[in-house]
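Note sheet for the following structure.
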Amino acid sequence: MTVSLSGFPELLPAQRTVELAVLDQLRVTFELHGFASVETRSAEPLAELLRKGEIDKEVYVLRRLQAAPDDEPPAPSSSTLGLHYDLTVPFARYVIENAGHLEFPLRRYQIQKVWRGERPQEGRYREFTQADIDVVARDVLPFHHDVEVARVMAEALASLPFLPALRLQVNNRKLIEGFYRGIVAPDVAAVMRTVDKLDKMPAKAVGALLVTEAGLSTEQADKCLQLAAIRSADTSFVSRVWALGVAHPLLDVGLGELSAVIEGCAGLSSRRVAVQADLSIARGLDYYTGTVFETRMAGFEQLGSICSGGRYDSLASDGRSTYPGVGISLGVTRLLMPLFQRGLLVGSRSVPSAVLVALPTEQARAGCDALAQLLRARGIPTEVAATPQKYGKQIRYAERRGIPFVWFPSADGPHEVKDIRTGEQVAADFATWMPPAEDLRPRVLVNPVTVKRDEPPQ
RNA sequence: GUGGGUGUAGCUCAGCUGGUAGAGCGCCGCGUUGUGGUCGCGGAUGCCGCGGGUUCAAGUCCCGUCACUCACCCCA
């Protein structure tokens, strides 16, 4: 991996094969569930991007080089263009603009680069790829779609067996808001913001902040911490919340919704991708109104969430209708780059070629090209050796690139093909020979020693 | 955007109170002239991140800058 511009990561070919394998698999899973692909433009009017809140610092503004050659750059206005910093807000705009041509509920996936102007560090980039799924309806979105997006993303993550163990944490904003109102917190938003820091600082410190910043009594703060400590892989969290003795109608709604998501995902949960209720998840003060998701990766807890989302009931509205939605977004770059940097994930080869056709002499090139073309016609990625070096050098050429097979043409006798990993060399007919299916495409290899694949993340 | 740490060969790193750059791995060649990997022998690694300053002399000290990284902010 080379990095020349801060926060704009670039991959080597072998790593790119891994990224492509991930993107291909995500697409397969999303499409298996009937999600349609949408791509939105990279740039949006600044006013559109800022609808979500005060995140103007994060947006990269677009300006033509010749726009104001002799002057200072113009102050950004609402007509200025900015690069999108996520896929949800542009999608909301897209839904409103194309509502007349879309079928609701609309189930779509969207895999694109996004840009944020934040200071880069491990797992935080200025240019990165997100893989989003959302379901949006007109006016009313049935709750079972909250369950659906969780299930689809859990299944997509489970289909990437080379990742460390993951924990999909689910909570519900109605649940915690109802709880905070039930204890008569003076500033519900402040409580939520403070509780959200639990993954960064010890519970005692958060408890102190709840008193000083959110205006709670020590008893109220203690209740909030007890709520946030509740985690369960089944619906047993409900009785543990009741045991805290707090009552509010909104709390009951939230408990019911969270139970539905956890029950709906029960069959999917595994040691590699665990789905849990986690009542510490709050998601700051975003546009989420119900279900919220975060995802942590074993051994990489300090990265924060690699896959987040939730329910948003009023993000998009055109005056006549509202378009409530629920979605979840996977940070593909945040997921993969740390694994690459630590050497935990690597592609089996740096080229697509499964076969290198050895070249005996330059005069034989036409024949070797024709032979390669026959293999390609049967779907076997094949290249011909660059120069007629000694066969040892040609084998080494293949080895360096991870090409598993070298084909030795023969003018008279049968051709031979060698698996250079085992050294086994056999006679082969170019009209029928096939490599094993797992060698047809580059594979993703893991370093099995250091990846915690079966222990759930903390 | 604010503050801290780090930057030497392709990689991992060593380099003392300033004296003109090293190791291991990898790479290249030969042994093996159409079959790699093991082994043996030999060889090359380099704007010491970049720019400026102090000094007779800077990889080493100072300033700036860029990059990586950590914390904050925020989040995928």
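According to the square roots a ≥ b ≥ c of the eigenvalues of the Cα gyration tensor, what is the shape class of region A:137-215, taking rounded for a/c under 1.5, prolate for a/b larger than b/c otherwise, and oblate for the remainder? Note, shape of region A:137-215 comes out oblate.
If the only charges are +1 at each Lys and Arg Cβ and -1 at each Asp and Glu Cβ, what is the size of the charge dipole of region A:317-458 around the Cα centre, to the nearest 20 debye? Magnitude of the dipole: close to 560 debye. Applying a DSSP loop filter and a limit of 13 other Cβ atoms within 10 Å to the trypsin sites (Lys or Arg not before Pro) in region A:141-212 leaves A:200. Based on Cα contacts under 8 Å between residues 6+ apart, region A:355-441 shows a relative contact order of 29 percent. Karplus-based coupling profile of region A:435-442, in residue order and whole Hz: x, x, 4, 6, 9, 5, 10, x, with θ = phi - 60° in 6.51 cos²θ - 1.76 cosθ + 1.60 and x standing for Gly or Pro.
Ranking A:425, A:392, A:372 by Cα position along the charge dipole of region A:355-441, where only Lys, Arg, Asp and Glu carry charges on their C-beta atoms, puts A:392 farthest toward the positive end.
Within chain A, the longest run free of GluC sites (Glu not before Pro) that sit in a DSSP loop with at most 15 other Cβ atoms within 10 Å is A:214-423.
Sequence-distant contacts, meaning Cα pairs under 8 Å at least 6 residues apart, place the relative contact order of region A:144-277 at 43 percent. Residues in chain A average 46 Å² of solvent-accessible surface per residue, probe 1.4 Å, ligands and nucleic acids excluded.
Taking the protein heavy atoms of chain A in the context of the full set of protein chains, the accessible area attributed to carbon and sulfur is 53 percent at 1.4 Å.
When you restrict to C-alpha pairs under 8 Å that are six or more residues apart and normalise by the size of chain A, the relative contact order lands at 18 percent. Close amide H contacts of residue A:291 (hydrogens built in the peptide plane, cut-off under 5 Å, sequence separation of 5 or more or a different chain): A:173, A:311. On the basis of the beta-carbon distance and an R0 of 22 Å, residue A:58 and residue A:314 show a calculated FRET efficiency of 0.50.
Is the C-alpha gyration tensor of chain A telling us rounded, prolate or oblate? Criteria: a/c under 1.5 is rounded; beyond that, a/b larger than b/c is prolate, otherwise oblate. Note, shape of chain A comes out prolate.
If each DSSP helix of 4+ residues adds -39,500 (n - 2.57) and the sum is divided by the residues in chain A, what number results at 222 nm, nearest 500 deg cm²/dmol?
One gets -9500 deg cm²/dmol as the mean residue ellipticity at 222 nm.
Do the alpha carbons of any pairs in A:174/A:223; A:113/A:174; A:113/A:197 sit beyond 25 Å of each other, and which pairs? Those over the limit are A:113/A:174; A:113/A:197. For region A:318-423, trypsin sites (Lys or Arg not before Pro) meeting the loop criterion (DSSP other than H, G, I, E, B) and having at most 13 other Cβ atoms within 10 Å: A:320, A:378, A:390, A:421. Counting heavy atoms of the protein chains alone, residue A:24 has an accessible area of about 90 Å² for a 1.4 Å probe. For residue A:261, the accessible surface of its heavy atoms amounts to roughly 0 Å² (probe 1.4 Å, protein chains only, rounded to the nearest 10).
What shape does region A:355-441 take by its C-alpha gyration tensor, where a ≥ b ≥ c are the square roots of the eigenvalues and a/c under 1.5 counts as rounded, a/b above b/c as prolate, and the rest as oblate? Since a/c stays below 1.5, the shape of region A:355-441 is classed as rounded.
The values are calculated or read from the model by the stated rules, or taken from the named source; none is laboratory data. The structure presented is a predicted model; accordingly, all values stated were derived computationally and were not measured. Don't worry about glycine lacking a Cβ; one is built from the backbone with ideal geometry, like all the others, and counts go over all protein chains shown. These area figures cover heavy atoms from the full protein model, side chains too; ligands, DNA and RNA do not enter into them. Shrake-Rupley method; radii C 1.70, N 1.55, O 1.52, S 1.80 Å.
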